[in-house]
Each structure stands twice: as C-alpha cells, then as structure tokens.
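Here's the structure, in structure tokens; my notes come after.
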Amino acid sequence: MSKSFLKNVGKNIKYKRKEKNLSQEKLAEKIGISRNYLGMIERAEVNVPMLTFYSIAKALDIEPYELLKFD
C-alpha cells in the first residue's frame, strides 16, 4: 500500500475524530486499541487492518468509505 494512501487515510481519521470532539484516547478506548497505536495509524506509521479500519469508522459514526475520500 502506498505511503501517500496511508497518510490520506490517517489525516481523514484525525479530521473526523476531531470533528466528533474525541481525543485519541477516547476513540482508541471505544474500539479497543491503545492510544499509541491510534496515533501510529493517524501518522501513517502502520498499515491499518480492515477490521480496525471498520471499527474506527463505526466508532466515528460514519461509513468506512468516508475515510477514503481524498481531495
């Protein structure tokens, strides 16, 4: 997977998280991952497993495809 793709996904997750007024800690807690791991996802340091990606979208109360929209 390209680094730019992961960066865009990470940016979208961070944007939506902040839009919902959630801290990394609160979002991570909702989906059962560590805050550190969520930070790594947002910074594109790790490849996001599909189930984690889906869980993030559902915790943000959005459809997964919304995290894949890039400008």
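Points worth noting:
- Residue within the range 2-22 that is on the phi < 0 side of the Ramachandran plot, assigned to a loop (DSSP other than H, G, I, E, B) and at pLDDT below 95 present: yes
- Of all residue pairs spaced 6 or more apart or on separate chains, those with beta-carbon atoms under 9 Å, a first member in the range 1-12 that is of a type in the set (Lys, Arg) and a second member that is modelled with pLDDT under 90 and open to solvent by 70 Å² or more (accessible area, probe 1.4 Å) are Lys11/Phe70.
- Taking the criterion of being closer than 21 Å to Asn21 by Cβ and not in a helix (DSSP H, G or I), the residues of the range 54-71 that qualify are Leu60, Asp61, Ile62, Glu63, Lys69.
- Filtered residue count, the range 2-38, keeping only those that are open to solvent by 90 Å² or more (accessible area, probe 1.4 Å) and touching a helix residue (DSSP H, G or I) at 6+ places or on another chain (Cβ under 9 Å): 6
The values are calculated or read from the model by the stated rules, or taken from the named source; none is laboratory data. Not measured: the values here are computed from a predicted model. Using ideal geometry, Cβ is built from the backbone for each residue, glycine included, and neighbour counts are taken over all protein chains shown. Areas reflect the complete protein model, heavy atoms only, side chains present, ligands, DNA and RNA absent. Shrake-Rupley method; radii C 1.70, N 1.55, O 1.52, S 1.80 Å.
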